[in-house]
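A short write-up of the structure that comes next.
The values are calculated or read from the model by the stated rules, or taken from the named source; none is laboratory data. The structure displayed is predicted, hence computed values, not measured ones. Cβ atoms come from the backbone with ideal geometry, glycine included; neighbour counts cover every protein chain shown. We work out accessible area using only protein heavy atoms, side chains counted, and drop any ligands, DNA or RNA first. Shrake-Rupley method; radii C 1.70, N 1.55, O 1.52, S 1.80 Å.
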Amino acid sequence: MDFISASSEGVILDVRSPGEFERAHIPGAISFPMFSNEERAAVGTCYKKEGKDKAVELGLSIVGPKLAPWVKTAKKLAQGKPLLVHCWRGGMRSGSMAWLLETAGLQVKLLVGGYKAYRHLVLKAFEAPIPLRVLGGKTGSGKTEILLEMKKQGFQVIDLEGIAHHRGSAFGHLGLAPQPTSEQFENVLFHELRHMDYHQAIWVEDESRHIGKVFMNLDFYSQLREAPVLFLDIDAQYRLPYLVKVYAQYPKEMLAEAIEKIKKRLGGQHYQRALACLDLGQFEEVAAITLQYYDKAYLHGLEQRDRQNIQRLEIHSLDTQIQVEAIIPHLAESLKH
């Protein structure tokens, strides 16, 4: 889409309401609302009760005092670049704003079909074949760090957990920013994929369909599940210190709340023991108890894959550099699957 291609050279102004923008938006867009959430609701109610003409009159009365400030702000944002304007369907809101800014002498481009058309483009992209390769491993294997190091070395990598602001487990939200909506996750993932070379492998971490509160697009997730897996088989003795390092820094109350989330899966006895160990500051024992559940859950998911698509690699270290050095000779082999 020309509008999206032009986004690297222009400034995207999203004139939808703040609530619409907060739910999901084109990555890099600036919220430039024509109406506040309350104003949009009032215009919508007026349209339903009194018709289009009255709603337009109300809208004009609301935006009238805002015209000059909009132009002033838009000029500051533009800095000589084109302004790429859109609303939900490319209708009255974006058309009116584009007219105003063009009248003020600014270069403006409209997203035909609006954000709705953009979302169609996003969803269609996940239907196309994507050359995914999956890095697998039990909880605490340091997969994210490995992928980020692979990225530094020139491999194509998408950090799904980074996009989701979550590490995937009941403890995965600790220390991270609030999660985006599933829709915004899709938008960011789409923009990551746009910059990838589909003639080469794109590496991602093995995930369940939900990463915290984010649910992956089903078409994309289906491809992830069918992709070849390089499974790092790392013993718990190496993973436990890593988990303690990552999570023991957080308050015990927060850790207890996370353990509560998997209470039923741990079982009452293991749950109570985990809390008792947490209270005593025995963090490695807490990690060992929770790993009993997470390891079983991960291996169950791995068993649901085609065995011919799984390449196992034993690694006896949690040092990222050593891990990557051990992995690299096997990456070419994984591409043959």
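Before moving on, here are some points about what is shown:
- Within the same chain, lysines fewer than 8 places from LYS72 are excluded, and of the rest, those with a Cα less than 27 Å from its Cα are LYS81, LYS109.
- Here the stretch 50-196 is treated as a sphere whose radius is the Kirkwood value from Cα pairs; by Stokes-Einstein at 25 °C and 0.890 mPa s it diffuses with a coefficient of 128 µm²/s.
- Over the chain, dividing the summed -39,500 (n - 2.57) contributions of all DSSP H runs of at least 4 residues by the number of residues returns a 222 nm mean residue ellipticity of -16500 deg cm²/dmol.
- Annotation: lysines with alpha-carbon distance below 25 angstrom to LYS213 (same-chain offsets under eight excluded): LYS116, LYS124, LYS138, LYS143, LYS245, LYS252, LYS261, LYS263, LYS264, LYS296.
- Tensor-based shape of the stretch 157-266 (alpha-carbon gyration tensor, a/c under 1.5 rounded, otherwise prolate or oblate): prolate
- Note: relative contact order over the stretch 80-178, using C-alpha pairs below 8 Å and six or more positions apart, is 18 percent.
- Extension gain for LYS76 to LYS52 (0.36 nm times residue separation, less C-alpha to C-alpha distance): 5.3 nm.
- 5 angstrom amide H check on ILE262, placed H, neighbours 5+ away: none
- Surface composition of the chain: carbon and sulfur make up 53 percent of the accessible area, probe 1.4 Å.
- In the chain the Cα-Cα distances spread across 10 Å bins starting at 0 as 5, 21, 25, 20, 16, 11, 3, 0 percent of all pairs.
- Checking every one of the GluC sites (Glu not before Pro) in the stretch 1-66 against DSSP loop status and a limit of 10 other Cβ atoms within 10 Å picks out GLU9.
- Around the amide H of TRP88, modelled in the peptide plane, lie the amide H atoms of TYR115, all under 5 Å away and 5 or more residues distant in sequence or on another chain.
- Scanning residues 5 or more positions from ILE12 or on other chains, those with amide H under 5 Å from its amide H are ILE30, LEU84, with H placed 1.01 Å from N in the peptide plane.
- Measuring gaps between exposed loop sites in the chain (trypsin sites (Lys or Arg not before Pro); DSSP loop; at most 16 other Cβ atoms within 10 Å), the longest gap, sites not included, is 214-335.
- Cut-off 11 Å, label 7 Å out along Cα→Cβ of LYS152, residues of the stretch 295-322 by amide N: 320-322
- A 1.4 Å probe run over the protein chains yields, for the stretch 1-72, 56 Å² of accessible area per residue, whole-number rounding.
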